[in-house]
Amino acid sequence: MDSKLYAVIDIGSNTNRLVIFKKDGYGRLNEIENVKSVTRLRNYLDEEGNLSQEGIVTLLKTLRSFKEIVKTYSIHTLICAATATIRVAKNREKIKKIVNEQIGWDLEILTEEEEAFYGYLSVVNSTNIHEGLTIDLGGASTEITYFNDRKMVYSHSFPFGSLSLKYIFNEMKDINELELYINNQLSAIPWLRNLQTPLIGIGGSARNLAQIDQFQKNYPMGGLHQYKMTGPDLERLVSYLSSLSVQQLQKLEGLSKDRADTIVPAAIVFSCVYKYINASSFIVSKKGLREGIFYKELYKDMEFTLAPSVIKNSIQELVIDYGQNEAQINHVESLTYSLYEQLKNFKLVHLTEDDWQLLQLAIPVYYL
């Protein structure tokens, strides 16, 4: 089947990323390239609120390196998107012009609402969670969305991120003070308190916390997507991480070195929000802004932006990725249905239609 390649460049406040996705004839999303560059553009905002010349040079250097990679692929669509730091920069129009002239790309500066929406879209298209609160903790802003029945109900963008909180935390020197600051920010959102839903963490800080937790628990399975933690897990991590020096954090299993100086305030944010909404669990999503942008592009000519069945799509991905024999799958399904019918008819086991639905999901991955 025909396949198309899509490149998404995410210009964040802490890191810049180039991700290349392949969309095959089944409409599946495959990540075939993921390149990260730590630029910390947030640190290049000057006193007037402009991105400094040094910051612009840093950005252009990264984009040129991304362009060299992009040249090696036959890209169908390229989207270059910037978030909080470029959004708040007073010289953002100048930056857009420079990127267009020197790199040849149209820079799309996402609004707060768009950034929040893309995070939500990535979660509802890659998990089976029907109600929850997403939190995307970036370098200079934090986006949250509340969704119910897979539909977004509310969204909000906070004017703080892991980098800006790092400086606040260093000034306060006290976790309780930082928690008070965050809770004051949360209390300004009337719909947020006591939601009692899962809290879904998006972004590098959430993924790093999950990796640390997995190492500490000797978690036997690979993968971070939909990894689940509890409130006590988050509190334990806050206590543990805040007891370590930056040098010790840089050597910590599961933690990227470039996040060693920002992981503590990030963990405090997740813990505060968890307690504030009385969350039922903390679930990590490996999918985020970049996947959300891709999903929007993928469904732009369709009447919907939500995948009809996330579970079936995920199983179909496994079938293709692991080269399962579809004729064999059909044969196993036929045998299984015959056994299911006989067990039900002879009342040897109490079986329902829901049981058959689960069996149908299990059959394609039986030989995995």
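The values are calculated or read from the model by the stated rules, or taken from the named source; none is laboratory data. Bear in mind the structure is a predicted one, so any value in this text is a computation, not a measurement. Heads up, the Cβs are rebuilt from the backbone with ideal geometry, glycines too, and the neighbour counts pull from every protein chain shown. Surface areas here come from the heavy atoms of the whole protein model, side chains and all, with no ligands, DNA or RNA. Shrake-Rupley method; radii C 1.70, N 1.55, O 1.52, S 1.80 Å.
Tabulated data for the structure shown
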item: Qualifying position, being open to solvent by 30 Å² or more (accessible area, probe 1.4 Å) and either under 24 Å from I144 (Cα atoms) or at pLDDT 95 or above (or both), among S280, S314; result: S280
item: Test: residue in region 317-338 that is of a type in the set (V, I, T), under 30 Å from T142 (Cα atoms) and either crowded, with 16+ Cβ neighbours inside 10 Å or in contact (Cβ under 8 Å) with a residue 40 or more places away in the chain (or both); result: no
item: Extreme residue, farthest from I200 (Cα to Cα), among residues of region 142-164 that are at pLDDT 95 or above and among the small types (G, A, S); result: S157
item: Test result for I69, within 30 Å of Q316 (Cα to Cα), modelled with pLDDT of 95 or more, open to solvent by 10 Å² or more (accessible area, probe 1.4 Å) and assigned to a helix (DSSP H, G or I); result: yes
item: Among the residues listed as G203, G222, the single one being open to solvent by less than 80 Å² (accessible area, probe 1.4 Å), under 30 Å from F117 (Cα atoms) and without any contact (Cβ under 8 Å) to a residue 12 or more places away in the chain; result: G222
item: Some residue of region 162-172 being within 17 Å of the chain's Cα centre (by Cα), open to solvent by less than 30 Å² (accessible area, probe 1.4 Å) and not aliphatic (A, V, I, L, M); result: yes
item: Filtered residues of region 37-66 (kept if open to solvent by 70 Å² or more (accessible area, probe 1.4 Å) and in a loop (DSSP other than H, G, I, E, B)); result: E47, E48
item: Subset of region 97-139 that is crowded, with 24+ Cβ neighbours inside 10 Å and under 20 Å from I56 (Cα atoms) - its residue that is farthest from the chain's Cα centre (by Cα); result: G139
